[in-house]
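Encoded as structure tokens, the structure appears first; notes follow it.
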Amino acid sequence: MIYLIKLIYSFILPPGIFILLLAGISLWLWKRERKPALLLLGVTLVIYLSATSWVGSMLIGNLERKYPQPSVLKGDIIVVLGGGATSGTPDFDGEGNLSGSAANRLLTAVRLYRSSGLPILISGGKVFSDTGNEAEISRRQLQALGIPKKDIFIENQSLNTEQNARLSAEQLKNQGFSEPILVTSGFHLPRAIIEFKHAGLIVQPYPTDYWTSKPEKLYVSKFIPSSSGLSLTATALKEYLGILAAKF
């Protein structure tokens, strides 16, 4: 019963309701003009597939599987890339919170610090006027988790991955670090590594914040359109386009 309810919801709420409407218009056009109907049906099919977690998981999974987590750390500093933050939202000891991906990255950095004792550099600024400064929020939360202030460095000006790499490389050079361990989401690592290479740094990749399970399994819900499936696909396509742009 619970899966039937999920199925009904998926076609009442966006994007399912829009896919149904487009499919209905395609059928209506079919009786009048075949070519426009086929074109609209093709567009509808692309939107439907893009909104399924089946397609989104395949695209994200290919990125996540490119770099395994290393069993041995080889570096002199842990570099963590920001992934979004809110401003003005209540936190335990202040205001501003990290988004889900950013929080997962920070949690991984804390665990790596406790096992290695290596200092941490947080890279990420205030991307939009109503978002939080990722590095500043991260520094406060790291200190609240018991990381000494002397072991925390921040780069709080970058607005994208290219700036993360360039500004972090400048700061690492000024502080005397040359072998960063790069912590970010698994799907984000392939693009981030290219950008850090452009900035003159070879990093040890340390993926975290996985969005897909291993091994993946197929079931009916994977083929039901949803906003989360569309988000998976959009995030993956953004990374593939970013990788292409970074290479050229």
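Every number in this text was worked out from the coordinates using simple rules, so none of it is lab data. Keep in mind the model is a prediction, meaning the values are calculated, not measured.
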How far, in degrees from 0 to 90, does helix 53-64 lean away from the longest principal axis of the Cα atoms of the chain, to the nearest 10? 30
For Cα pairs less than 8 Å apart in space and 6+ apart in sequence, what is the mean separation divided by the residue count of the chain, i.e. the relative contact order in percent? 28
Using a 10 angstrom cutoff on alpha carbons, build the Gaussian network for the chain and name the most mobile of PRO225, PRO148, PRO180. PRO148
Take the alpha-carbon centre of the stretch 71-136, take the same for the stretch 171-202, and report the distance between them in whole Å. 15
Based only on Cα atoms, what mean projected area does the convex hull of the chain have, in nm²? 17.0
Calculated [θ] (222 nm, deg cm²/dmol) that DSSP helices of n ≥ 4 give over the chain, each run adding -39,500 (n - 2.57): -17000 deg cm²/dmol
The distance between the Cα centres of the stretch 204-248 and the stretch 1-49, in whole Å, is 23
For the stretch 77-208 the mean separation of alpha carbon contacts under 8 Å (6+ apart) over residue count, i.e. relative contact order in percent, is 26
Straight-line reach from LYS66: which lysines fall under 30 Å, measuring Cα to Cα and dropping same-chain residues less than 8 apart? LYS74, LYS126, LYS173, LYS197, LYS214, LYS217, LYS222, LYS238, LYS247
Out of every Cα pair in the stretch 79-166, what percent are spaced more than 16 Å from each other? 47
For GLY96, other-chain or 5+-apart residues with amide H closer than 5 Å (H placed, Pro excluded) are GLY88, THR89, ASP91
Would you kindly derive the ³J(HN,Hα) couplings of the stretch 178-183 from the backbone phi angles with the Karplus curve 6.51 cos²θ - 1.76 cosθ + 1.60 (θ = phi - 60°), listing them in order in whole Hz, with x for Gly and Pro? 9, 10, x, 9, 8, 9
